[in-house]
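These notes are about the structure you will find just below.
The values are calculated or read from the model by the stated rules, or taken from the named source; none is laboratory data. Computed from a predicted model, the values in this text were never measured in an experiment. Using ideal geometry, Cβ is built from the backbone for each residue, glycine included, and neighbour counts are taken over all protein chains shown.
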């Protein structure tokens, strides 16, 4: 699998998700503020929106991230660290990290994907 040369822009992801949604038989909604989701006895989910609307589905995707607001947490001891701190959104290729010790924090898929085939477990 080829590693992308850059992180996709928000509009590219939106276009991809719209194309994907148009090819599947699913009720997809965007821009809905969800106030609750509970599993029903039949296994489906009952989702409540801030508008008061309720709808059911066999699954729920919570996509609350923002492509315009990268989060780089402040870590204890960070000010004393002499190395480089980068967000995965700035990762382009593995060569600059060859023969270096690299730590990846977080469990989100961009970090895992960037490391795939390039990292050894610690």
Matching entry among 67, 107 (being on the phi < 0 side of the Ramachandran plot, at pLDDT below 75, part of a loop (DSSP other than H, G, I, E, B) and exposed (fewer than 10 other Cβ atoms within 10 Å of the Cβ)): 107
Could we say that residue 32 is part of a loop (DSSP other than H, G, I, E, B) and surrounded by 11 or more Cβ atoms within 10 Å (Cβ to Cβ) here? yes
Checking residue 12 against (1) surrounded by 10 or more Cβ atoms within 10 Å (Cβ to Cβ); (2) modelled with pLDDT of 75 or more; (3) part of a loop (DSSP other than H, G, I, E, B), the condition it does not meet: (3)
Within the stretch 15-29, the residues that are over 26 Å from residue 54 (Cβ atoms) and not in a loop (DSSP other than H, G, I, E, B) are 15, 16, 19
Which listed residue is modelled with pLDDT of 75 or more and over 17 Å from the mean Cα position of the chain (by Cα), from 86, 29: 29
